[in-house]
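Working notes, structure below.
Where a number appears in this text, it was derived from the coordinates with a stated rule and is not lab data. For clarity, every value in this text was computed on a predicted model and none was experimentally measured. Note that we place each Cβ from the backbone using ideal geometry, even for glycine, and neighbour counts take in every protein chain shown.
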Amino acid sequence: MKLKSLLIEAGGKEPGKLEIKGLTYDKALSYLIHRVNVSDEKWEKFLKKFKKNFELLKVLVEPGYTERKDMPVVSSSQVEKLQQCLEQGKLDIINHKTKKYHKSFPHGLSEEQAKEWLKYGLKDGSLKDDIVKTNISKKTAKSLIPIQGQIYFDTAINKIIDRGISKIKKYINDGTYLIISKDNYIMDGHHRWTAAILFDPSITINCLVVDIPKEKLIELLLAYGEAIGNERNL
């Protein structure tokens, strides 16, 4: 399925202030009620489920282990190009002699070296070995697994506040995509996923599923982001 558009944040932004690991429910609630009109009927309904959803979020984020600075950065305007590169086998992902993933992908490439790597999959002796399947699937928020350990409550809840409680469901359902690995780990979109869990853990999100396991995909996407000139998260 062709990817028409993705609303994915660019990297390099400042981290939030309230990291979910270590954050108490009372502190999260205090932050929220100082930001919204709690007498509004829609927010009143949200708050009735907030404790249950927050406690589930605390459990779900526990396995996350990477730092923000070690996560891939791919902006909305670059994701469709990434998908094309993967499906056309442009990136050198598989060693065509051993038929296995490369032990590592190059980092720090720029200019001509970067341009060469971004198309080397078509010049490495095999035209088909680096082709990667991708697909767009709707998955429930609670079925996805965060790989990032540093996730911030204020960054996530502000996505709901800024869009408005009446519009966030449509945004989560149809207005954004997450990038995930074949084994259901989130590669990009942890704060949008967090907003979804806080709103409704059973809500479905469009996901670009890349047929590569998490450990290799995160390394590949880090190399890709650097090669196209993206800065890491702060």
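For this structure, a couple of remarks:
- Comparing Cα centroids, segment 174-221 and segment 22-78 end up 16 angstrom apart.
- Simple label model, 7 Å out from Cα along Cβ direction - Lys97 to Glu44, nm: 7.1
- Residue by residue, segment 98-115 carries 3J(HN,Hα) couplings of 8, 6, 10, 4, 4, 4, 8, 10, x, 10, x, 6, 8, 6, 5, 4, 5, 4 Hz when phi is fed to the Karplus relation 6.51 cos²θ - 1.76 cosθ + 1.60 (θ = phi - 60°); x denotes Gly or Pro.
- Using alpha-carbon coordinates, inclination of helix 190-199 to the longest axis of the chain, degrees: 30
- The helix-based estimate of mean residue ellipticity at 222 nm for the chain, built from -39,500 (n - 2.57) per DSSP H run of four or more residues and divided by its residue count, is -12000 deg cm²/dmol to the nearest 500.
- Residues with amide H under 5 Å from that of Asn233, placed H, sequence gap 5 or more: Gly12, Met71
- Rounded to the nearest 20, the Cβ-based charge dipole of the chain about its Cα centre (Lys and Arg +1, Asp and Glu -1) stands at 740 debye.
- Proximal charge balance of Asp183 [Cβ under 13 Å; K/R count +1, D/E count -1]: +2
- Summed residue charge, Cβ within 15 Å of Leu29's Cβ, Lys/Arg positive, Asp/Glu negative: +3
- Ile212 long-range amide H proximity, modeled H, under 5 Å: Lys182
- P(r) of the chain over all Cα-Cα pairs, binned every 5 Å from zero, in whole percent: 1, 6, 14, 18, 18, 15, 10, 7, 5, 3, 2, 1, 0
- Extension gain for the segment Leu56 to Lys128, taken as residue separation times 0.36 nm less the Cα-Cα distance, is 21.7 nm to one decimal.
- Each residue, Asn158 and Asp211, gets one label point 7 Å from its Cα in the Cβ direction; the gap between the two is 4.0 nm.
- Folded to 0 to 90 degrees: helix 153-163 orientation relative to the chain principal axis, Cα: 80
- The label-point distance for Lys81 and Arg35, in a model that sets each label 7 Å from Cα toward Cβ, rounds to 3.2 nm.
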